[in-house]
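Notes to accompany the following structure.
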Amino acid sequence: MTTLRLGDKAPDFSASSTEGTIDFHDWKGDAWAVLFSHPRDFTPVCTTELGRVAGLKPEFDRRGVKVAGVSVDSLEEHRAWAGDIEDVTGHALNFPLIADPDRKVAHLYDMIHPNADDTLTVRSVFVIGPDNTIKLTLTYPASTGRNFDEVLRVIDSLQLTAGYAVATPADWRDGEDCIVVPALSDEEARARFPKGFEARKPYLRVTPQPNR
Ligand code: BEZ
């Protein structure tokens, strides 16, 4: 197990899931992906999270992002729990839930934090780019359900940065002004952003969202 940092290669693995065996890199291909862990099946916060991700699946699809969940429970437990997720949240599981009873994936991705819990995974999120490198990591405790709208917001920002040489300011939301990356000169920025930019400081140049 090594700590995974931004820019590191996302480790490959083969594992059973509710949608069959997943060879992670093959399954992902050159798409974006979210791999997220949850501590345990048949637990309340996890039930709400998995239903929420299932409800947001069209939003992940629209952004070209594949989603997979993982926990240290068995495939049989995942299948038995799926009915509860649909019952409670109204959303049937529509993405692969990886069974990791031997903790292979959990250890590869450092999802067990022994000083929090020595057997269960914490709530980790990895956003992985088309080049298989890690673009975002988040770690939440078992007691706090994640905000998956925030995960989508970050993906919007990451995809803009990848395509248009812009960064995004605090609390930015899709459609709002972006920041010209400092690496571009004013001349390069004028050529790249036909809508222009406003220099609030020499190092803080704001431009309308370029893909709008
Ligand atoms: C939950 O999903 O509710 C949960 C899971 C593990 C520990 C605490 C809460």
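Miscellaneous remarks
- Some residue of the range 124-136 being more than 26 Å from LEU204 (Cβ to Cβ) and within 16 Å of the ligand (Cβ to nearest atom): yes
- Residues that are in contact with a Lys or Arg (Cβ under 8 Å, 6 or more places away or on another chain), assigned to a loop (DSSP other than H, G, I, E, B) and more than 15 Å from ARG52 (Cβ to Cβ), drawn from the range 122-158: GLY129, ASN132, PRO141, ALA142
Every residue, every condition in (1) of a type in the set (S, T, N, Q); (2) within 12 Å of the ligand (Cβ to nearest atom); (3) outside the structural domain of MET111 (by TED's automatic domain parsing), yes or no:
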position	(1), (2), (3)
THR21	yes, no, no
ALA33	no, no, no
PHE42	no, yes, no
THR48	yes, yes, no
ALA54	no, no, no
LYS57	no, no, no
ASP61	no, no, no
SER71	yes, yes, no
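- Considering (1) loosely packed, with under 13 Cβ neighbours inside 10 Å; (2) of a type outside the set (Gly, Ala, Ser); (3) touching a strand residue (DSSP E or B) at 6+ places or on another chain (Cβ under 8 Å), the lone condition that LEU158 does not fulfil carries the number (1).
- Residue that is hydrophobic (A, V, I, L, M, F, W, C) and more than 28 Å from LEU160 (Cβ to Cβ), where the choices are ALA92, ALA10, ALA31, ALA68: ALA92
- Scanning the range 36-58 for residues that are among the β-branched types (Val, Ile, Thr) and in contact with a helix residue (DSSP H, G or I) (Cβ under 7 Å, 6 or more places away or on another chain) gives THR47, THR48, VAL53.
- Residues that are within 22 Å of ASP156 (Cβ to Cβ) and either in contact with a strand residue (DSSP E or B) (Cβ under 8 Å, 6 or more places away or on another chain) or hydroxyl-bearing (Ser, Thr, Tyr) (or both) within the range 197-212 comprise PHE197, GLU198, LEU204, ARG205, VAL206, THR207, PRO208, GLN209, PRO210, listed in sequence order.
The values are calculated or read from the model by the stated rules, or taken from the named source; none is laboratory data. Source: prediction; values computed, not measured. Here Cβ is always computed from backbone atoms with ideal geometry, including for glycine, and neighbour counts include all displayed protein chains.
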